[in-house]
Amino acid sequence: WEAGAEGPEVPGSDSPWERHGRLFLCLLSGALTVGGVLGHGMEAGSWLQAFAEDLAATHGPPLFSKILYAGAILAGGWTVLPRAYHSLRRMAPDMNLLMSVAVAGALGIGHWLEAASVAFLFALALYLESWSVARARRAIRSLMDLSPDVARFVCPHDGDIEEKPVQDVPVGVTVLVRPGEKIPLDGVITKGITSVNQASITGESMPLLREAGDDIYAGTLNLDGVIEFRSTRPSSDTTLARIIRMVEEAQARRAPLEQRVERFALFYTPVMMGLAFLIAVVPPLFKNGAWLEWLYQALVILVIACPCSLVISTPVSIVAGLTSAARNGVLIKGGAYLEAPARVRAVAFDKTGTLTSGHPTVQRIIPLNGHTEAGLLASAAALEAHSTHPLARSVLALARERGIAFSAAEDYAVLPGQGAQGTVDGRPYWIGSHRFIEQWGVEDEQSHDAASALEDAGHSVVMIWTVDHVCGLMSFADEMRESAPGVVQSLKGLGVEKVIVLTGDNRRTTQAVAKAVGVDDYVAELLPEDKVGVIRSLQAAHEVVAMVGDGVNDAPAMAESTVSIAMGAIGSDAAIETSDIALMSDDLTRLPWLIEHSRKTRTIIGQNIALSVGTKTVFIAMAFCEIATPWGAIAADMGASLLVIGNGLRLLQP
């Protein structure tokens, strides 16, 4: 279908008509169709009688119903009829012309209700397609909101600190960022040490230590230290800006899947008209006249050629399939994306927030040197009570869950990028990374071996120590979803040739998750543009590739993939808006269900097309044998329409 560039919401449009006109026309067409049926039913004595009269076309609907049906046709065809006219002028018949012929044919034989229904269903289908286009546009805007509008930089001439819009900040200047602020530009740290939450770029929930010489990215969050960095790229070429451009380019290359009915329509209408002409002219030339008899058969061809059931066959199945998916917690943004999962041969998963929960939790508590597990947790909670760090929140949550009492540490101080210190029960304590305690020289062989073993298993390790000894350590990891291994096995059972994990996390953590889930392969420590490259390689090998993700960093790879699927409940706005499909309940088990549902939809669409075309083929053969009648053709076409509707509605079954 030609959904067109305009959608139900046009960004930047002030006119309500430009933003919601198509939806209004679609709803108006449906309401007028229902009104016409009600009016005809009241006139005929019952709705059943009204349908019978429309089927036989012996007694048309009352004038009131005709006016409503005409309004429904006009509203439903408001954007379609001009395109049908242009396709006719170009001598390139398309689905718009086919729908217009269907409506005109139904009106010509007195089927007002059928004409109005076709116009409404087609308008609904086009609205669903255009809606997905508008959603994609909003994805770009949500990405742009991630980066700050201004940057605070040190003026190279006099050393004063000046604020300017990021697009006016030159490359090479020193930019100042305080705790809790977003980093405005890409650069290299020149002074200070801090933890940076890079989830907006890498998608990983664990903050990373960043110090002099390390790269940082625009749109990421500086957590706990004052830093200065030298800007290395203009705002138009930051990593985040490149993500935005990649999404735009991939969306521009992506066109809605061309429906098989539309491809058939390219030659269907002219072939039917030409066939009718040949039947009316050629046989009489070889049978000494009989012009009236063969003209009668040509009229039968024109009647049966009315493509009502063919036009309805795809939209009704698509609408039913989309509705059924929504009931099952799967939001599909148009008919093209409903069919695509059936052909998926490779699936790429993001790790954090997709195969895992996206929230680091305490995995192990190892007390040392006479300390108990409860005591160690209480000391850690006291030190973390002042912090908003993700690991600190996990410690506090576990302490509350276990009912462990603690008081916030006194004389608390943050050690940027390293940890924190404070006084608990009159004694000084420190909490920080394994790397931090190594600098103090307090670590003993037992604590070192325990920390190294946990790090080798893919855990993040936090140490707690006092003046003269190590109290113990805690490990953190992002918990794997319980359903993930079963989902991977189900995908392989459905014929998916390769399942792979793509992530910005470190290799050891990724390897542990990949092994537990049972995927075929994994690629770690990827930036967004790296993920795009892997997706392209998968497409070269497997053609149809699905990308499942939840973060802004996943958006370019999702846009590049054949089918993009977002984790809807916890996913970022950019990932959800960029995706073709969203799992609104974050239930990975919906993924195998989606592939099976897509295959069922494609099967039913194929059945409907075969039924519609088969009916017409039979009556064309009957016309050649001079045994077809217009009444039989009308009844057969209406019967085929009802059958394809009923068959399509089977998709609504659980």
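Just so you know, all these numbers are worked out from the coordinates, no wet-lab data involved. Every value quoted in this text rests on a predicted model; they were computed, and no experiment measured them. So basically every Cβ, Gly included, is an ideal-geometry build from the backbone, and we count neighbours across all protein chains shown.
Computed quantities for the displayed model
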{"item": "Charge context of A420, other residues only, Cβ under 12 angstrom, K/R +1, D/E -1", "result": "-3"}
{"item": "Directionally averaged shadow of the stretch 411-474, computed from the convex hull of its alpha-carbon atoms, nm²", "result": "4.3 nm²"}
{"item": "Anchor K164: lysines whose Cα lies under 23 Å away (excluding residues fewer than 8 positions away in-chain)", "result": "K182, K191"}
{"item": "Estimated distance in nm for a label pair at K182 and E479, the labels positioned 7 Å out from Cα along Cα-to-Cβ", "result": "3.1 nm"}
{"item": "Highest-first arrangement of 226-237, 111-122, 375-386, where packing means the average Cβ count within 10 Å", "result": "111-122, 375-386, 226-237"}
{"item": "Alpha-carbon radius of gyration plus Dmax, which is the widest Cα pair, for the stretch 328-484 in Å", "result": "20.1, 67"}
{"item": "The stretch 454-611: radius of gyration and largest Cα-Cα distance (Dmax), Å", "result": "19.0, 84"}
{"item": "Sites R230 and M273 - FRET efficiency at Förster radius 51 Å, r taken between beta-carbons, to 0.05", "result": "0.10"}
